[in-house]
Amino acid sequence: MQTKIVTAERPFERADIFVAEKMGISRSLSAKMLEQGFVTTNGRLLKKRDKIPEGTQVRVLLEDPKPLDVTPENIELDVVYEDECLLVVNKPKGMVVHPAPGNSSGTLVNALLSHCKDSLSGINGVLRPGIVHRIDKNTSGLLIVAKNDQAHNFLAQQIKQHTFTREYEAVVYGNLKADSGKIDAPIGRHPIKRKQMAVVSKNSKNAVTEYTVINRFEGFTHIRLRLQTGRTHQIRVHMSYIGHPVAGDEVYGPRKTIKQLNGQCLHAKKIGFIHPRTHEYLEFDSELPKYFTDFLKKVQGSNGDF
């Protein structure tokens, strides 16, 4: 068992809601943990309806995660750059980055284990070797992989200090009024839909996304986005927040399938960073994938009805 200490940041929080938010789990699972005696404060077992005063420290017992059998798989990788410290990979749409329940094979990590053998950093554990940052399953594009812990720490620090260049392109619903803008809105776990993120004021982290219009079409806008921060689902949440969700995003946009896309029209086009060994700034750009360019051609000739 593992122990995690968390602190109530609001006065008189209900225990089951508090644990769900802090652990990033469903409310039903939170209630089950409370019923099983896994949550205490000052040695006292908490019940799900107990109210927790602000500033109270709560001890949560967590069962050790069941290890997944992660095996190397000979999956072709689009390697944009590689040296003894790192590699830059162009991930295809539909590929999961690392194994998780329900996705134990066919992931980028399975492919990396075959490609790099034992040359991957171990900072993120056996399930995420070498993974410095992630992009969603249905987002295509560039990401960086570290081959050793020193390189991993050096690159992760750049992301933390917001000096790591990350530029995306997307097609979004509607017509953005301004040619450019900045979305500065904090992102945290959705208060009800626990698997989703949202713009919220409590239990959130600052998030900043800049955008520039590339082209406008009937019912859609092609934009370039630059991340100042790197929160989970940041672009998808921010664009939905301002009323222009990413085309094809059925989680944060309209529940309307665009079969041609099979997920959001979002591509991580450019990354730039200081190399951990040479301290030289490197920048890599990728071409828009076929699903993206095909969709652009379609919206160019459409009347906005999909």
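The values are calculated or read from the model by the stated rules, or taken from the named source; none is laboratory data. Worth saying up front: this structure is predicted, and the values here are computed from it rather than measured. All Cβ positions, even for glycine, are placed from backbone atoms using ideal geometry, and neighbour counts span all protein chains on display. Heads up: the accessible areas ignore ligands, DNA and RNA and are worked out on the full protein's heavy atoms, side chains in. Shrake-Rupley method; radii C 1.70, N 1.55, O 1.52, S 1.80 Å.
Can you give the log10 of the normalised intensity I(q)/I(0) at q = 0.10, 0.13, 0.16 Å⁻¹, computed with Debye over equal Cα scatterers of the chain? Rounded to two decimals, the profile gives -0.66, -1.06, -1.34. Derived from the Cα gyration tensor, the three semi-axes of the equivalent ellipsoid of region 240-288 are 34, 13, 7 Å, largest first. Partners of Lys160 within straight-line reach, counting lysines whose Cα lies under 25 Å from its Cα and excluding those fewer than 8 residues away in the same chain: Lys4, Lys22, Lys91, Lys137, Lys147, Lys182, Lys195, Lys202, Lys205, Lys269, Lys270.
When every Cα-Cα distance of region 141-190 is counted in 10 angstrom steps from zero, the calculated P(r) takes the values 16, 34, 33, 14, 3 percent. Maximal additional length on extending the Ser28-Asp118 stretch stands at 28.4 nm, based on 0.36 nm per residue less the C-alpha distance. Take the Cβ atoms of Ser180 and Lys256, set R0 to 22 Å, and the FRET efficiency comes out at 0.20. Beyond 22 Å, what share of the Cα-Cα pairs of region 128-269 is found? Please give it as a whole percent. Summing the P(r) of region 128-269 above 22 Å gives 40 percent of all pairs. Centroid-to-centroid, using Cα positions, region 231-287 and region 74-147 are 17 Å apart. Probing with 1.4 Å while keeping every protein chain in the model, the per residue accessible area of the chain equals 52 Å². Inter-label distance, Asp149 to Leu45: 4.0 nm, where each label sits 7 Å from its Cα along the C-beta direction.
Under a point-charge model restricted to the Cβ atoms of Lys and Arg (+1) and Asp and Glu (-1), what is the dipole moment magnitude of region 140-211 relative to its Cα centre, in debye to the nearest 20? Once rounded to the nearest 20, the dipole reads 520 debye.
Considering only Gln264, Thr3, Gly122, the residue lying farthest towards the positive end of the dipole of the chain is Thr3, judged by Cα position with unit charges set on Cβ. When the Cα atoms of region 265-306 are aligned to their principal axes, the ranges along those axes come out at 51, 13, 11 Å in descending order. A dipole drawn for the chain from +1 and -1 charges on Cβ atoms has a positive end, and of Leu34, Gln157, Ser140 the residue lying farthest that way is Leu34.
Stretching the chain fully between Ile75 and Arg10 yields a gain of 18.6 nm (0.36 nm per residue, less the alpha carbon separation).
Shown for the chain: the carbon plus sulfur share of the solvent-accessible area, taken with all protein chains present and a 1.4 angstrom probe, equals 47%.
What's the angle, to the nearest 10 degrees (0 to 90), between helix 149-160's Cα axis and the longest principal axis of the chain? Around 80 degrees separate the two axes.
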